[in-house]
Amino acid sequence: MKPVNSTSAYGAFSIGEARRIVRDLFEPNPWLYWIDFLASMTLGAAAFFAIRRLPLSWPLVALAFAVSVAAFYRATLFTHELTHLRQGQFRAFRFAWNLLCGIPFLMPSFLYHTHVAHHMRRHFGTADDGEYLPWGAQPIWHLFVYLTQCLVMPVIAVARFALLTPLCWLSPRCRDFVQLHCSSMVVDPFYVRPLPTRHDRWIWRVQEVACFALLWGNVAAMSLGLVPRPLELVAQAYLTAATIMLINQIRTLGAHRYTNTGGEMTFVEQMLDSVNYPGGNWLRALWAPVGLRYHALHHLFPSMPYHHLGEAHRRLMEQLPADSPYRLTNCPSLWLALRQLWGNALASSRAQRAPARPHFTGGPLQRPVTR
């Protein structure tokens, strides 16, 4: 394959050279996927139900809650891997993930298929990219609005599948609206998703029916008294979902610089807008699991499986030239990236509040002549 070169003020970057360095790291290991996912779900479920079934003290309840959130969070993020696996690959794993995680958490895999647009060269950072907003160039209140979405999104997800799904079967107009505006896991609330193809529509329908049946099945079980302390279960499920969403939102804010205001970006600009968090302690594996702390590397090679990203990053840092733009994607900590994003948004807020300065034409300003 002919190397694709991008040049900027930071030097030249050759995708071909980078791919040569990591060419043996693109094959996923199915055993790692199964073991990792099933272990995460088992640990999360054990901690979740321990809170309901065991007489735990408040410190142990808090610990069990933290464990359930961390484990479920890791399990849910395998939807990101599913999006990048080749079509028809890991079919059994896709089915198991949807059955055990995607459907129960009301996030079936079809909701995340739009992620592909986030990796298209002409879409990244534009209005066609639902996973990118110019937070670094917007007033700071946009960040607050985004972070509060975790409080309402669990309720919206329930309404989407319990109420809107059956309406879609009855009204074509409602179906088109839901498919366009209510069927994407994105950060842009105004994102409009393309209508699905006939094949995709069949997949949507199956997964929607499964979510619908799960929700109303739970309602029936609670109404018949088959679920002990149903209100406590609902409250715990809501807090778990909202906490998982908040952690993922914070991680998302640190995944990019978010300085593009809508124009098409060069490859190097896209790479520099993305962030890697190499090294560090075990906390990074908690807030950015399944390889997501190597986000710039993931944008460089989207099809590389998560369990090879660490080794790929090590090789690239060792073998790429000293002036390679790739080295500028590294960030020492999530806190530093968030602080930079906060500073950019704060500066944007101040700039919008500042009074407009007079505009002079006809030549340079001159000092008034005093006599």
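The values are calculated or read from the model by the stated rules, or taken from the named source; none is laboratory data. Bear in mind that the values here come from a model prediction, so they are computed numbers and not experimental data. Glycine also receives a Cβ, built like all others from the backbone with ideal geometry; neighbour counts cover every protein chain displayed.
Here's the yes/no breakdown for (1) more than 29 Å from L54 (Cα to Cα); (2) at pLDDT 95 or above; (3) not aromatic (F, W, Y):
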site	(1), (2), (3)
R198	yes, no, yes
V206	yes, yes, yes
P228	no, no, yes
E232	no, yes, yes
Q249	yes, yes, yes
Q270	yes, no, yes
V275	yes, yes, yes
A288	yes, yes, yes
Y294	yes, yes, no
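Among the residues of region 69-92, is there at least one that is of a type in the set (S, T, N, Q), over 14 Å from G102 (Cα atoms) and surrounded by 13 or more Cβ atoms within 10 Å (Cβ to Cβ)? Scanning region 69-92, I find no residue that is of a type in the set (S, T, N, Q), over 14 Å from G102 (Cα atoms) and surrounded by 13 or more Cβ atoms within 10 Å (Cβ to Cβ), so the answer is no. Among the residues of region 292-318, the one identified as of a type in the set (S, T, Y) and part of a loop (DSSP other than H, G, I, E, B) is S303.
For a quick check of your reading of the model, give me the residue pairs whose first member lies in region 319-337 and is without any contact (Cβ under 8 Å) to a residue 40 or more places away in the chain and at negative phi, whose second is of a type in the set (A, V, I, L, M) and in a helix (DSSP H, G or I), with beta-carbon atoms closer than 9 Å and at least 6 apart or on different chains. What qualifies is R327/L316; R327/M317.
Take E131 and tell me if it is surrounded by 13 or more Cβ atoms within 10 Å (Cβ to Cβ), closer than 29 Å to L300 by Cβ, touching a residue at least 40 places away in the same chain (Cβ under 8 Å) and among the acidic types (D, E). Show your work before the answer.
Details: surrounded by 13 or more Cβ atoms within 10 Å (Cβ to Cβ): yes; closer than 29 Å to L300 by Cβ: yes; touching a residue at least 40 places away in the same chain (Cβ under 8 Å): yes; among the acidic types (D, E): yes.
Considered against the rule, which asks whether it is surrounded by 13 or more Cβ atoms within 10 Å (Cβ to Cβ), closer than 29 Å to L300 by Cβ, touching a residue at least 40 places away in the same chain (Cβ under 8 Å) and among the acidic types (D, E), E131 comes out as yes.
Among the residues of region 184-233, just one is more than 30 Å from the chain's Cα centre (by Cα) and of a type in the set (D, E, K, R), namely R229. With respect to (1) within 30 Å of A337 (Cα to Cα); (2) out of contact with any His (no Cβ under 8 Å at 6 or more places or on another chain); (3) in a helix (DSSP H, G or I), the lone exception for M271 is condition (2).
When the helices (runs of 4 or more DSSP H) confined to region 43-147 are screened for residues that are touching a His at 6+ places or on another chain (Cβ under 8 Å) and at pLDDT 95 or above, those reaching at least 1 such residues are found at 78-84.
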